[in-house]
Amino acid sequence: MSVDFKEYQRKMEKTLDVLQENFGAVRAGRANAKVLDRISVEYYGSETPLNGVASISSPDARTLVITPWDTKVLTDIQKAIQMSDLGINPQNDGRVIRLVFPQLTEERRKELAKQVKKYAEDGKIAMRNVRREGMDYVKGLKKKSEITEDEQKKAEKDLQDMLDKYIKKVDEALAVKEKELMAI
């Protein structure tokens with residue numbers, strides 16, 4: 001009998017997806033609408049993602065323009081952006097909100113690099129937890145005598161190999177994002 005790790009592989013894949021989303025939300029000197037993905041606005045009594053109440057466009061490399069479909073939410077959008085960790089002061093002209101992204105300073109680039117390293121480390125921790133979950137499952141099978149000791153050893157090695165493969169993907173994604181952040 002071989003042990004099925006599809007569920008654990010799916011969890012590691014999901015962790016990798018979340019990591020990529022986190023990396024996408026870290027701006028690298030260019031205006032990118034993805035940085036607004038995490039921002040939600042109070043709209044008719046419920047929290048609504050920003051892109052659910054407004055259209056977001058990028059007229060140039062360093063500006064985002066947020067055009068709400070209902071101008072009554074302009075101040076709510078402005079407050080939500082100010083409360084977020086973007087570090088940009090929104091400019092409200094009564095019709096649209098403009099976000100002008102300043103050129104990144106060397107210091108800010110280093111801060112953002114630290115932030116993406118933390119995201120990567122969190123992803124690795126989550127993946128190690130998935131591996132531990134898998135190891136517990138394998139030990140449980142062995143305890144119930146559903147697998148032999150050799151099958152247990154092979155299953156544990158397979159889990160470790162899977163973890164190593166995903167950790168490598170995390171490191172590669174981190175290297176790409178750091179390079180993007182440090183490019184001027």
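Which label belongs to the value computed from this structure, given these candidates for mean projected area of the Cα convex hull in nm²: (1) 13.2; (2) 9.9; (3) 11.7?
So the structure-derived entry is (1).
Rounded to the nearest 20 Debye, what is the dipole magnitude of the chain about its Cα centre when Lys and Arg each give +1 and Asp and Glu each give -1 at the C-beta?
Details: 35 positive and 32 negative charges, 60 e Å.
Magnitude of the dipole: close to 280 debye.
Highest GNM mean-square fluctuation, the chain, Cα pairs closer than 10 Å: which of K144, K165, K117?
K144
What accessible surface, in Å², does a 1.4 Å probe find on V130, ignoring ligands, DNA and RNA and rounding to the nearest 10?
In the full protein context, V130 sits at about 10 Å².
Using Cα pairs closer than 8 Å and at least 6 residues apart in sequence, work out the relative contact order for the chain, in percent. Present the calculation step by step, with values, prior to reporting the outcome.
On the way: 212 pairs, mean separation 46.7, N = 184.
Contact order relative to length: 25 percent.
I'd like to check one number: the per residue accessible area of the range 1-89, probe 1.4 Å, reported in Å² as a whole number.
Values: 5100 Å² over 89 residues.
About 57 Å² of surface per residue is accessible.
Provide the solvent-accessible area of M182, counting protein heavy atoms only and rolling a 1.4 Å probe, rounded to the nearest 10 Å².
In the full protein context, M182 sits at about 80 Å².
Residue-wise, which Karplus ³J(HN,Hα) couplings in Hz belong to the range 79-92, taking 6.51 cos²θ - 1.76 cosθ + 1.60, θ = phi - 60°, and x for glycine or proline?
4, 4, 5, 5, 6, 6, 8, 5, x, 10, 8, x, 10, 9
To the nearest 0.05, how large is the calculated FRET efficiency for N129 and R38 if R₀ is 30 Å and r is the Cβ-Cβ distance? Walk me through the numbers on the way to the answer.
Details: r = 23 Å, r/R0 = 0.76.
That gives a FRET efficiency of 0.85.
What value, in deg cm²/dmol to 500, does the helix sum -39500 (n - 2.57) over DSSP H runs of n ≥ 4 give at 222 nm once divided by the residues of the chain? Can you show the working numbers first?
Values: 4 runs with 101 residues, N = 184.
When only DSSP H runs of four or more count, the value is -19500 deg cm²/dmol.
So which of K14/K114; K11/K110; K139/K169; K143/K177; K117/K144; K34/K124 end up more than 32 Å apart, counting from Cα to Cα? All intermediate terms of the calculation are to be shown ahead of the outcome.
On the way: K14/K114 23 Å; K11/K110 30 Å; K139/K169 27 Å; K143/K177 44 Å; K117/K144 41 Å; K34/K124 23 Å.
Check vs 32 Å cut-off fails for K143/K177; K117/K144.
Accessible area per residue, 1.4 Å probe, Å², for the range 106-184: what's the number? Each step should come with its number before you reach the end.
Values: 5030 Å² over 79 residues.
I get 64 Å² per residue for this part.
With a 1.4 Å probe and all protein chains left in place, how much of the accessible area of the chain comes from carbon and sulfur atoms, in whole percent? Write down the numbers at each step before the final one.
Details: 5590 of 11020 Å².
Here it works out to 51 percent.
The values are calculated or read from the model by the stated rules, or taken from the named source; none is laboratory data. In this text, all values refer to a predicted model and were calculated from it rather than measured experimentally. All Cβ positions, glycine included, derive from the backbone under ideal geometry; neighbour counts span all protein chains shown. What goes into the accessible areas is simple: the full protein's heavy atoms, side chains included, and nothing from ligands, DNA or RNA. Shrake-Rupley method; radii C 1.70, N 1.55, O 1.52, S 1.80 Å.
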